[in-house]
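Just below is one structure, and these are the notes that go with it.
The values are calculated or read from the model by the stated rules, or taken from the named source; none is laboratory data. Keep in mind it's a predicted model, so treat the numbers as computed, not measured. Every residue, glycine as well, gets a Cβ built from its backbone with ideal geometry; the counts of neighbours run over all protein chains shown.
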Amino acid sequence: MTLTLALLIGPFIGNAFGQDDRGYTVAVGDPMPDFSLLDLEGDQWSRTELLGTVYILQFTASWCGVCRKEMPHLEERVWQRFKGKGLQLLGVDLDEPAEKVRGLVEDTGISYPVCLDAGGALFGEVTVPKAGVTRNIVVDRTGNIAFLTRLFDEAEFEAMVDAVAALLEDKK
């Protein structure tokens, strides 16, 4: 991450140089843990396959009201803006059956892929036990975590959008 980007987003990422106090076990600068997920269409997504791409993992669940509030913003302000410019956005639903997740997708009107995190395996790799959903992890092209969000805070969300734009401009 460039110094300029760090200065821009630093106030919004919690304590990027130590423990995050929002239930994460990972921090900005850490490599994203390995994962392999299937989306609702049967397509597979993995850390290895996404290397070289800026991506966001958006952790969600159908029962989460804050998630439902955030998802249309992700669709409009992130996915529609950046999807053809090198960004991949993946919803990651916490341990729910496909039919329930399809209902969430329909209810929220999103078009980005949503993956099933059976048993919450990936969620458990990045958070403390019993942590809440409504989280976004932005990962840079090298596979390192570049930004973390928790809940839906407008200032933090806008900082995340700015961070994604900066990562997409940085061709390193």
Check: If only one of Leu90, Leu104, Leu74 is in contact with a strand residue (DSSP E or B) (Cβ under 9 Å, 6 or more places away or on another chain) and in a strand (DSSP E or B), which one is it?
Finding: Leu90
Margin query: Conditions first: (1) surrounded by fewer than 19 Cβ atoms within 10 Å (Cβ to Cβ); (2) among the polar types (S, T, N, Q); (3) in contact (Cβ under 8 Å) with a residue 12 or more places away in the chain. Gln58 passes all but one, so which condition is the exception?
Written below: (1)
Note to self: Checking the conditions here, which among Leu151, Leu122 is among the aliphatic types (A, V, I, L, M) and out of contact with any helix residue (DSSP H, G or I) (no Cβ under 6 Å at 6 or more places or on another chain)?
What the structure shows: Leu122
Check: Taking only pairs six or more apart or across chains, which ones have beta-carbon atoms under 8 Å, a first residue in region 149-164 that is under 10 Å from Arg77 (Cβ atoms), and a second residue that is outside any strand (DSSP E or B) and of a type in the set (Lys, Arg)?
Finding: Phe157/Arg77; Val161/Arg77; Val161/Arg81
Check: Within the set of pairs 6 or more residues apart or between chains, which connect a residue that is on the phi > 0 side of the Ramachandran plot and crowded, with 19+ Cβ neighbours inside 10 Å inside region 98-121 to a residue that is at pLDDT 95 or above and of a type outside the set (D, E, K, R) with Cβ atoms less than 8 Å apart?
Finding: Gly120/Leu94
Check: Right, Arg141: closer than 22 Å to Leu50 by Cα, outside any strand (DSSP E or B) and not β-branched (Val, Ile, Thr) or not?
Finding: yes
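Okay, residues lined up against (1) under 16 Å from the mean Cα position of the chain (by Cα); (2) loosely packed, with under 13 Cβ neighbours inside 10 Å; (3) within 12 Å of Thr60 (Cβ to Cβ); (4) among the β-branched types (Val, Ile, Thr):
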{"position": "Lys85", "(1), (2), (3), (4)": "no, yes, no, no"}
{"position": "Val92", "(1), (2), (3), (4)": "yes, no, yes, yes"}
{"position": "Val138", "(1), (2), (3), (4)": "yes, no, no, yes"}
{"position": "Glu156", "(1), (2), (3), (4)": "yes, no, no, no"}
Margin query: Can you tell me which of (1) in contact (Cβ under 8 Å) with a residue 40 or more places away in the chain; (2) over 26 Å from Val28 (Cβ atoms); (3) not hydroxyl-bearing (Ser, Thr, Tyr) is the one Trp63 doesn't meet?
Written below: (1)
